[in-house]
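Data block below; observations after.
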Amino acid sequence: MFNFQVLSLLSKVPKNDINECPTTTTITTKKPYKCNVCRLSYGQGSTLDIHLRSVAHQTRIGRLSELVASGEVDAFLPVSEQPGGITQKTIGELVLPSTTSELEKVRFVFEIF
């Protein structure tokens, strides 16, 4: 009796729904809280806050000028992005060139745009 009920229920389900894998086709995750220095995104602001205080993030912040120079980090993005958050300085504005030649490079890049 049980097998008959299961079969009758399965016969009512459209074949497309049976063959599709829900993990790959229907699940979309929104992660609007972003750390542009580490290139990570989070679904909750509190998780981003925890990340911003982490040793991994602080280590990358310490190497920020090197990361910008190598192109690994986009200097025109803010450090973090949050929906409804306040406007922040860009990463490029936070990086202070250590030499005159680096200052000239930065000035040249900004003149192009």
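Please treat every number below as a calculation from the coordinates, not as lab data. In this text the structure is predicted, and so the values were computed from the model without any measurement. Don't worry about glycine lacking a Cβ; one is built from the backbone with ideal geometry, like all the others, and counts go over all protein chains shown.
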Hey, fewest Cβ within 10 Å first, where do VAL95, VAL73 land in order? VAL95, VAL73
How far is it, in nm, from the label point at GLU66 to the one at ARG53 when both lie 7 Å from their Cα along the line to the Cβ? 2.7 nm
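Among PHE4, PHE76, what is the fewest-to-most ranking by other Cβ atoms within 10 Å?
The order, fewest Cβ neighbours first, is PHE4, PHE76.
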What are the ³J(HN,Hα) couplings of the range 46-59, residue after residue, when phi is run through the Karplus curve with 6.51, -1.76, 1.60 and θ = phi - 60°? Round to Hz, x for glycine and proline. 5, 5, 5, 4, 4, 4, 4, 8, 6, 5, 4, 5, 5, 5
So, over other residues within a Cβ distance under 15 Å of LYS89, counting Lys, Arg +1 and Asp, Glu -1, the net charge is -3
